[in-house]
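**Student:** Okay, handing you the structure first.
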Amino acid sequence: GTYGFLLGGLIVDGGHLSGEPLGKLSFRCELPTEWRFALLTPPTAVGFSGLAEEQALGKLAPVSEEVTRELQHTINEHLIPAAELADFLAFSEAVFHYGCLAGKCFASAQGGTFASPETERLILWLREQGYAGVGQSSWGPTVFVVLRDQAAATTLSQAISNHATFRDYECLVGPAANRGVEVEVEAK
């Protein structure tokens with residue numbers, strides 16, 4: 001998160017060696033200003049954090065070289081080129097594919113590719129509605145959706161508020177944060 005905090009945009013962290021506090025920045029680019037990202041959070045569910053997250057991570061098996069190669073291939077051959085070309089559909093599909101691959105790495109700790117059956121139902125419903133770029137944010141329970149523009153964001157917000165199962169979800173929408181943190185000092 002350090003590079004995202006400092007620089008903003010789409011960040012690809014190349015990882016770090018044991019004892020290094022910060023990974024290598026492999027790639028960064030700004031995303032189109034018209035794209036929107038929605039965060040859908042259920043009213044009561046909570047994801048792993050703190051000690052529970054540390055314990056869950058400690059119990060995970062190492063990620064296989066095959067899966068690591070597939071994740072890297074998805075980033076380098078699909079996600080990055082789609083971002084550079086502002087190819088919304090290719091970017092959305094790459095995000096979904098990457099998220100599913102990554103989620104399987106955590107399946108033993110979270111009970112499947114996604115944090116819960118409810119999260120999986122929401123992701124499947126979103127895909128059925130035509131939203132390609134969907135996934136689970138970190139350990140969940142928040143689900144994210146990549147949207148083409150503000151009109152698509154408005155449509156999604158209305159669909160969520162009208163859905164019997166998902167209407168109580170909080171729906172936050174905004175553009176990509178293409179810049180790092182900015183601190184403003186208020187003059188007195």
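The values are calculated or read from the model by the stated rules, or taken from the named source; none is laboratory data. What you are looking at is a predicted structure, and each value in this text was computed from that prediction instead of being measured. Cβ atoms come from the backbone with ideal geometry, glycine included; neighbour counts cover every protein chain shown. Remember, those area values only see protein heavy atoms, side chains included, never the ligands or the DNA or RNA. Shrake-Rupley method; radii C 1.70, N 1.55, O 1.52, S 1.80 Å.
**Student:** Relative to the Cα centre, what is the charge dipole magnitude of region 1-87, using +1 at the beta carbon of each Lys and Arg, -1 at the beta carbon of each Asp and Glu, and rounding to the nearest 20 debye? Intermediate values should be presented prior to the final figure.
**Tutor:** Numbers: 5 positive and 12 negative charges, 47 e Å.
My answer is approximately 220 debye.
**Student:** In the chain, with Lys and Arg counted as +1 and Asp and Glu as -1 at Cβ, which of these residues, Ile80, Pro21, Tyr98, has the Cα nearest the positive end of the dipole, that is, farthest along it?
**Tutor:** Tyr98
**Student:** Place +1 on the Cβ of every Lys and Arg and -1 on the Cβ of every Asp and Glu in region 140-188, take the dipole about the Cα centre, and give the residue among Asn162, Thr142, Val183 whose Cα lies farthest towards its positive end.
**Tutor:** The residue sitting farthest along the positive end of the dipole is Asn162.
**Student:** Compute the relative contact order of the chain as a whole-number percentage, counting only Cα pairs closer than 8 Å that sit 6 or more residues apart in sequence. Display every interim value, and only then the final one.
**Tutor:** Numbers: 266 pairs, mean separation 64.1, N = 188.
34 percent.
**Student:** If I build a Gaussian network model for the chain, linking alpha-carbon pairs within less than 10 angstrom, which residue out of Gly103, Gly15, Gly174 has the largest mean-square fluctuation?
**Tutor:** Between Gly103, Gly15, Gly174, it is Gly15 that shows the largest mean-square fluctuation.
**Student:** Where Rh is the Kirkwood radius over the Cα pairs of region 117-165, the temperature 10 °C and the viscosity 1.306 mPa s, what D in µm²/s does Stokes-Einstein return?
**Tutor:** Details: Rh = 11.2 Å.
D, rounded to a whole number, is 142 µm²/s.
**Student:** Let me know the volume per residue of the alpha-carbon convex hull for region 56-131, in Å³. Don't skip to the end; give the middle numbers.
**Tutor:** On the way: hull volume 6.5 nm³, N = 76.
Per residue, the Cα convex hull of region 56-131 comes to 86 Å³.
**Student:** Using the reciprocal of the averaged 1/r over all distinct C-alpha pairs, how large is the Kirkwood radius of the chain in Å? Mind showing how you got there, number by number?
**Tutor:** Numbers: mean 1/r = 0.0561 Å⁻¹.
About 17.8 Å, per the Kirkwood formula over Cα pairs.
**Student:** Here is a further query. Taking the Cα centre of region 83-146 as origin, sum charge times position over the Cβ atoms of Lys and Arg (+1) and Asp and Glu (-1), and report the length of that vector in debye to the nearest 20. Mind dumping the intermediate values first?
**Tutor:** Details: 3 positive and 6 negative charges, 41 e Å.
Rounded to the nearest 20 debye, it is 200 debye.
**Student:** State, as an integer percentage, the relative contact order of region 106-188 based on alpha-carbon contacts under 8 Å between residues 6 or more apart.
**Tutor:** Details: 57 pairs, mean separation 13.9, N = 83.
Normalised by residue count, the contact order of region 106-188 is 17 percent.
**Student:** Return a whole-number percent for the relative contact order of region 14-104, with Cα pairs under 8 Å and 6 or more residues apart as the contact set. Working shown, then result.
**Tutor:** Working: 37 pairs, mean separation 19.8, N = 91.
Reported relative contact order: 22 percent.
**Student:** With labels modelled as points extended 7 Å from the Cα through the Cβ direction, what inter-label distance (nm, one decimal) is found for Thr165 paired with Leu22?
**Tutor:** 4.3 nm
**Student:** To the nearest 20 Debye, how big is the dipole of the chain about its Cα centre, given +1 on the beta carbon of each Lys and Arg and -1 on that of each Asp and Glu?
**Tutor:** Values: 12 positive and 22 negative charges, 44 e Å.
With Lys and Arg at +1 and Asp and Glu at -1, about 220 debye.
**Student:** Leaving ligands, DNA and RNA out of it, work out the accessible area of Ile160 with a 1.4 Å probe and give it in Å² to the nearest 10.
**Tutor:** Solvent-accessible area, nearest 10 Å²: 0 Å².
**Student:** OK, next. With the full set of protein chains in place, find how many percent of the accessible area of region 15-90 is carbon and sulfur; take the probe as 1.4 Å. It would help to have the intermediate numbers written out before the result.
**Tutor:** On the way: 2910 of 5190 Å².
Taking all protein chains in place, region 15-90 shows 56 percent carbon and sulfur surface.
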